[in-house]
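The values are calculated or read from the model by the stated rules, or taken from the named source; none is laboratory data. Given the structure is predicted, the values throughout are model-derived calculations rather than measurements. Here the Cβ positions follow ideal geometry from the backbone for every residue, glycine too, while neighbour counts run over all protein chains shown. Protein only, heavy atoms only, side chains kept; ligands, DNA and RNA dropped before computing areas. Shrake-Rupley method; radii C 1.70, N 1.55, O 1.52, S 1.80 Å.
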Amino acid sequence: MRFLRTSPIGVVVGMLAAFTGAFAQDKQADVATVPIAYITERIAHVPLSLVEPILTDAGVQGARLGIADNNTTGRFLGQKFVLDEAVVPEGGDVGAAFEALLAAGHRLIVADLQADDLLAIADLPAARDVLIFNTRAPDDALRNDACRANVLHVIPSRAMRADALAQYLVWKKWRDWFLIVGAGDGDRRYAEAIRRAATKFGAEIVGARDYDAGSTARRTDTGHAQIQKQMPVLTQGEGYDVVVVADESDLFGEYLPYRTWLPRPVVGTQGLVPTSWHRSFEQWGATQMQNRFHAAAGRGMSERDYTAWLAVRSIGEAATRTDSTDAATIEAYIRGDEFALAGFKGLALTYRAWNGQLRQPVLLAAPRALVSVSPQEGFLHQHSELDTLGFDRPESTCRLD
Amino acid sequence: MKTQLSLAGAALLALVMPAAAETIYVSNEKSNDITVIDGETLEVTATVAVGQRPRGITLSHDHKFLYICASDDDTVEVLDLEALEIVGTMPSGPDPELFVLHPDGNPLYIANEDDNMVTVVDVEKGTVLAEVPVGVEPEGMGISPDGAVLVNTSETTNMAHFIDTATHQITANVLVDNRPRFAEFSGDGKQVWVSAEIGGTVSVIDTGTKEIITKIGFEIPGVQPEAIQPVGVALTDDGKYAFVALGPSNRVAVIDQQSFEVLEYLLVGQRVWQLGFNADQSRLYTTNGNSNDISVIDVADREVVKSITVGQAPWGVVVKP
């Protein structure tokens, strides 16, 4: 373990796995090393439900498992993968931690960061020749006007999520939606994606309401008494098939199911949720992944663990196929036509050339069981049905291809 | 149309009916049972409750027992085929999915999906002889006709591992396309065919040079390429045909084993995965996981002649002569 003092305000960034070893050719004959950096800002996320654990290591556990999987394969090819982890405390200096990684020679970066931090590091002059995998920020802007040539997006965008949900709701003929929007920036953007999906797939927003939940405590004695009076009022309206909730911070959405004015399902950020991973998911070999992750991390796999695993596996897959540990060779292969990643979704995952977004099916999960997987049958596309989710080439304002 | 097909099927069946009564066994992954089917009447005669999530199945050398990978119970169960009762279990390592029996009838080589291992089990003593570390998520298991070489495929590592059965050491690793599911040796032992589910191909590997001779791809008009997912592979011993199950495309490809040319695609049930010949290879049975049935293919005519409803999510199929 080595510590770097990286900024005037004294943010300490812990680096697991010594840099010194990561870049040297391994002492054993013919073993070449692929160093991968993982950078995260540790932002506390407290789920509203007491049943859900508060995770402090979401993301990094997936990256570590990806390294382990890469190394199982690598030992047959004389390749070794090493992860350097940079953990920045909330409000810490992400840029400084990132520059420390670059100074140590890193070129392949897994970024578990929010959109503003992601853009800040991607725009640093020293970052021009690095490849950054966005495993956390779902912002649609990053796939459009604010796209960057050195960033690939592993995590599905809000638009992909909203489209995945919309396809299922339209298939169910639940076309009239009542939209409840929280007060956070992310909530408003999520709601924008929902509105866009409604237009795209022929649904209608028949009512919409903003809701500022303030700062709600997780625990309140006899709390349900108030909640069961508030939620019906919040959803008072007529003629809707579902309530769509946009509450990314998980402040009130969990209160909506069973309490809506009309007896209707709740979908969106709570209830039936579009996500790239869910602990109930077991198809296409996902059981093996769930078991392997649980054995390694001692808990269920979260979405950020999955996207971090995919990022590390993207690098591993490219290193295997090119038989190379050179970062530039690896990047060229990932961006090329030959690249295909198996991610327990039943088909090959690839990166969109125009904005760097990973094409992928999106799960629709209830709290304790998988409900469906989008794209839904019948939503056709001239190139890939996966491109019915999110910003397709003609719609995206990003032109990296 | 359907009536015509089944009438034609009945006529065909009458022609190709094998002389001795065979029995077909199908493992049903979701309903935790084994369906027993009379090979002559093609009627279900019994359903036997077994352990959790039965997948790979194979017959003992003397045909008295069926070995069953009860994946979620982390064991291999032994089903007495006379009494149709589970009479024992064997150690298997965690999450056994597929296995292959040595041509001499012992040992059994088991792929453990969860711990990157191939476990070698003595079926008579019920003991573990060896564990061979392989790639991530081992699944496909093929053994050479002389029993000297075992090939295991690992689904996330994307390799076919060649294992010397005398030393239990890996002798070669051949990189194939994404998510290799199945390995099958040709009758002469000179090739091993490896399917890649996500890659959408079958690699034919020369067992001497360990080089890929060719990669067979598939194209079905009107079917999205992503839906073509090769899994089960069956090769006729006479070297004529290869059959490849193509998953959610609901087709089985028929390939010329010599020219590697795809001759045609047979429409079977939904999400076809595993394949099993009868004794004289006049018939091929396919497990269709999403339509809960098996399809019966007449090998000489290359035609689907019947489908039989089984349990939920049928996975493996074997035929007892």
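Residue-by-condition table, conditions (1) under 20 Å from B:TYR67 (Cα atoms); (2) under 18 Å from the mean Cα position of the chain (by Cα); (3) assigned by TED's automatic domain parsing to the domain that holds B:GLN229:
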{"position": "B:ASP115", "(1), (2), (3)": "no, no, no"}
{"position": "B:VAL123", "(1), (2), (3)": "yes, no, no"}
{"position": "B:THR127", "(1), (2), (3)": "yes, no, no"}
{"position": "B:VAL136", "(1), (2), (3)": "no, no, no"}
{"position": "B:MET141", "(1), (2), (3)": "yes, yes, no"}
{"position": "B:GLU155", "(1), (2), (3)": "no, yes, no"}
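Scan the stretch A:43-102 residue by residue and report those that are in contact with a Lys or Arg (Cβ under 8 Å, 6 or more places away or on another chain), over 27 Å from A:LEU119 (Cα atoms) and within 14 Å of another protein chain (Cβ to nearest Cβ).
Selection gives A:ASP69, A:ASN70, A:ASN71, A:GLY74.
Somewhere in the stretch B:298-318, is a residue open to solvent by 40 Å² or more (accessible area, probe 1.4 Å) and under 22 Å from B:ALA196 (Cβ atoms)? Before the answer, list the steps.
First, the residues of the stretch B:298-318 that are open to solvent by 40 Å² or more (accessible area, probe 1.4 Å): B:300-303, B:306-307, B:309, B:312.
Subset that is under 22 Å from B:ALA196 (Cβ atoms): none.
No, every residue in the stretch B:298-318 fails to be open to solvent by 40 Å² or more (accessible area, probe 1.4 Å) and under 22 Å from B:ALA196 (Cβ atoms).
Out of (1) open to solvent by less than 60 Å² (accessible area, probe 1.4 Å); (2) not in a helix (DSSP H, G or I), what's the single condition that is false for A:ASP212?
Result: A:ASP212 passes all but (1).
Find the residue count for the stretch A:56-71, including only residues that are under 28 Å from A:GLU254 (Cβ atoms) and within 15 Å of the chain's Cα centre (by Cα).
Narrowing the stretch A:56-71 to residues under 28 Å from A:GLU254 (Cβ atoms): A:56-62.
Pick out the ones that are also within 15 Å of the chain's Cα centre (by Cα) and you get A:57-62.
Count: 6.
Looking only at the stretch A:256-295, which residues are within 14 Å of another protein chain (Cβ to nearest Cβ) and farther than 14 Å from B:THR156 by Cβ?
So the first thing to find is which residues in the stretch A:256-295 are within 14 Å of another protein chain (Cβ to nearest Cβ), and the list is A:282-295.
Within the stretch A:256-295, A:GLU282, A:GLN283, A:HIS294, A:ALA295 meet the criteria.
In the stretch B:37-68, what residues are touching a Ser or Thr at 6+ places or on another chain (Cβ under 7 Å) and open to solvent by less than 10 Å² (accessible area, probe 1.4 Å)?
Matches in the stretch B:37-68: B:ILE37, B:GLY39, B:GLY51, B:PRO54, B:ARG55, B:ILE68.
B:ASP72 is checked against (1) open to solvent by 50 Å² or more (accessible area, probe 1.4 Å); (2) more than 20 Å from the chain's Cα centre (by Cα); (3) closer than 24 Å to A:MET289 by Cα and fails just one. What number does that condition carry?
It fails just one condition, (2).
Only one of these is surrounded by fewer than 17 Cβ atoms within 10 Å (Cβ to Cβ), more than 14 Å from every other protein chain (Cβ to nearest Cβ) and in a loop (DSSP other than H, G, I, E, B): A:THR397, A:THR329. Name it.
Numbers: A:THR329 fails: in a loop (DSSP other than H, G, I, E, B).
After ruling out the rest, the residue left standing is A:THR397.
For the structure I just gave you, tell me whether A:VAL110 is closer than 26 Å to A:ARG399 by Cα and touching a Gly at 6+ places or on another chain (Cβ under 7 Å).
Working: closer than 26 Å to A:ARG399 by Cα: yes; touching a Gly at 6+ places or on another chain (Cβ under 7 Å): no.
Answer is no for this residue.
How many residues are assigned to a loop (DSSP other than H, G, I, E, B), facing chain A (nearest Cβ under 8 Å) and hydrophobic (A, V, I, L, M, F, W, C) if we restrict to the stretch B:149-177?
0
Taking the stretch B:110-144 only, how many residues are in contact with a Leu (Cβ under 7 Å, 6 or more places away or on another chain) and within 14 Å of chain A (Cβ to nearest Cβ)? Please lay out each step first, then the result.
Step one: of the stretch B:110-144, the residues in contact with a Leu (Cβ under 7 Å, 6 or more places away or on another chain) are B:111, B:120-123, B:139-141, B:143.
Narrowing the set further to residues that are within 14 Å of chain A (Cβ to nearest Cβ) leaves B:111, B:139-140.
Residues flagged as in contact with a Leu (Cβ under 7 Å, 6 or more places away or on another chain) and within 14 Å of chain A (Cβ to nearest Cβ) within the stretch B:110-144 amount to 3.
Picking from A:ALA319, A:ALA332, A:ALA348, which residue would you name as being aliphatic (A, V, I, L, M), free of Cβ contacts under 8 Å to residues at least 12 places away in the same chain, out of contact with any Lys or Arg (no Cβ under 8 Å at 6 or more places or on another chain) and farther than 24 Å from A:LEU370 by Cα? Can you show your working first?
Details: A:ALA319 fails: free of Cβ contacts under 8 Å to residues at least 12 places away in the same chain; A:ALA348 fails: farther than 24 Å from A:LEU370 by Cα.
Result of the check over A:ALA319, A:ALA332, A:ALA348: A:ALA332.
Of everything in the stretch A:103-123 that's open to solvent by 10 Å² or more (accessible area, probe 1.4 Å) and touching a helix residue (DSSP H, G or I) at 6+ places or on another chain (Cβ under 7 Å), which residue is farthest from the other protein chains (Cβ to nearest Cβ)?
The residue in question is A:ALA120.
Just a yes or no: is a residue in the stretch A:219-232 more than 28 Å from A:LEU363 (Cα to Cα), open to solvent by 10 Å² or more (accessible area, probe 1.4 Å) and modelled with pLDDT of 95 or more?
For the stretch A:219-232, residues more than 28 Å from A:LEU363 (Cα to Cα), open to solvent by 10 Å² or more (accessible area, probe 1.4 Å) and modelled with pLDDT of 95 or more: present.
Could you check how many residues of the stretch A:233-253 are hydrophobic (A, V, I, L, M, F, W, C) and open to solvent by 20 Å² or more (accessible area, probe 1.4 Å)? Talk me through it step by step, then tell me what you get.
Step one: list which residues in the stretch A:233-253 are hydrophobic (A, V, I, L, M, F, W, C), which gives A:233-234, A:242-246, A:251-252.
Add one more test, that the residue is open to solvent by 20 Å² or more (accessible area, probe 1.4 Å), and what stays is A:233, A:251.
Adding up the residues that qualify gives 2.
Run down B:THR167, B:THR209, B:THR214 and say which single residue is in contact (Cβ under 8 Å) with a residue 24 or more places away in the chain, among the hydroxyl-bearing types (Ser, Thr, Tyr) and surrounded by fewer than 20 Cβ atoms within 10 Å (Cβ to Cβ). If you could, list the steps in order and put the result at the bottom.
Values: B:THR167 fails: in contact (Cβ under 8 Å) with a residue 24 or more places away in the chain; B:THR209 fails: in contact (Cβ under 8 Å) with a residue 24 or more places away in the chain.
Of the residues listed, the single one that is in contact (Cβ under 8 Å) with a residue 24 or more places away in the chain, among the hydroxyl-bearing types (Ser, Thr, Tyr) and surrounded by fewer than 20 Cβ atoms within 10 Å (Cβ to Cβ) is B:THR214.
Taking B:SER282, is it touching a helix residue (DSSP H, G or I) at 6+ places or on another chain (Cβ under 6 Å) and either over 27 Å from A:LEU347 (Cα atoms) or assigned by TED's automatic domain parsing to the domain that holds B:PHE182 (or both)? First the steps, then the outcome.
Working: touching a helix residue (DSSP H, G or I) at 6+ places or on another chain (Cβ under 6 Å): yes; either over 27 Å from A:LEU347 (Cα atoms) or assigned by TED's automatic domain parsing to the domain that holds B:PHE182 (or both): yes.
Here the answer is yes, as B:SER282 does meet what is asked.
Considering only strands (runs of 3 or more DSSP E) fully contained in the stretch B:197-250, which possess at least 1 residues that are hydroxyl-bearing (Ser, Thr, Tyr) and within 13 Å of another protein chain (Cβ to nearest Cβ)? Outline the logic, then answer.
On the way: elements: B:201-206, B:212-217, B:233-235, B:241-245.
Because the criterion is at least 1 residues that are hydroxyl-bearing (Ser, Thr, Tyr) and within 13 Å of another protein chain (Cβ to nearest Cβ), the strands (runs of 3 or more DSSP E) in the stretch B:197-250 that meet it are B:201-206.
Going through the stretch A:346-363 one residue at a time, which ones are at pLDDT below 95 and not in a strand (DSSP E or B)? Full working, then the answer.
Here is the first cut: in the stretch A:346-363, the ones at pLDDT below 95 are A:346-348.
A:GLY346, A:LEU347, listed by residue number.
Just to check your reading of the model, which residue among B:LEU275, B:LEU266 is crowded, with 17+ Cβ neighbours inside 10 Å, in contact with a Gly (Cβ under 7 Å, 6 or more places away or on another chain), of a type in the set (A, V, I, L, M) and at pLDDT 95 or above?
Exactly one residue qualifies, and that residue is B:LEU275.
For the subset of the stretch B:288-297 comprising residues that are open to solvent by 10 Å² or more (accessible area, probe 1.4 Å) and of a type outside the set (Asp, Glu), which member is farthest from B:SER71 (Cα to Cα)? Steps first, please.
Applying the first criterion (open to solvent by 10 Å² or more (accessible area, probe 1.4 Å)) to the stretch B:288-297 yields B:290-293.
Narrowing the set further to residues that are of a type outside the set (Asp, Glu) leaves B:290-292.
Working: B:ASN290: 19, B:SER291: 22, B:ASN292: 19 Å.
Within the stretch B:288-297, the match that is farthest from B:SER71 (Cα to Cα) is B:SER291.
If you take the residues of the stretch A:341-394 that are more than 12 Å from chain B (Cβ to nearest Cβ) and of a type in the set (Lys, Arg), which of them is farthest from A:ARG279 (Cα to Cα)?
My answer is A:ARG393.
For a quick check of your reading: which strands (runs of 3 or more DSSP E) sit entirely within the stretch A:225-284 and have at least 3 residues that are over 17 Å from the mean Cα position of the chain (by Cα)? Spell out how you get there, then give the answer.
Numbers: elements: A:242-246, A:266-268, A:273-275.
Here the list reads A:242-246.
All but one of (1) over 19 Å from A:THR73 (Cα atoms); (2) at pLDDT 95 or above; (3) surrounded by 19 or more Cβ atoms within 10 Å (Cβ to Cβ); (4) assigned by TED's automatic domain parsing to the domain that holds A:ASP129 hold for A:GLN376; state the number of the condition that does not hold.
(4) is the only condition that A:GLN376 fails.
State yes or no: is B:PRO103 within 11 Å of another protein chain (Cβ to nearest Cβ), outside any strand (DSSP E or B) and without any contact (Cβ under 8 Å) to a residue 60 or more places away in the chain?
Working: within 11 Å of another protein chain (Cβ to nearest Cβ): no; outside any strand (DSSP E or B): yes; without any contact (Cβ under 8 Å) to a residue 60 or more places away in the chain: yes.
It is false that B:PRO103 is within 11 Å of another protein chain (Cβ to nearest Cβ), outside any strand (DSSP E or B) and without any contact (Cβ under 8 Å) to a residue 60 or more places away in the chain.
Given the conditions (1) in contact (Cβ under 8 Å) with a residue 24 or more places away in the chain; (2) not in a strand (DSSP E or B); (3) not aliphatic (A, V, I, L, M), report the number of the one that B:GLY142 does not fulfil.
(2)
Only one of these is open to solvent by 10 Å² or more (accessible area, probe 1.4 Å), within 27 Å of B:ASP206 (Cβ to Cβ) and of a type in the set (Asp, Glu): B:ASP104, B:ASP122. Name it. If you could, list the steps in order and put the result at the bottom.
On the way: B:ASP122 fails: within 27 Å of B:ASP206 (Cβ to Cβ).
After applying the criteria, what remains is B:ASP104.
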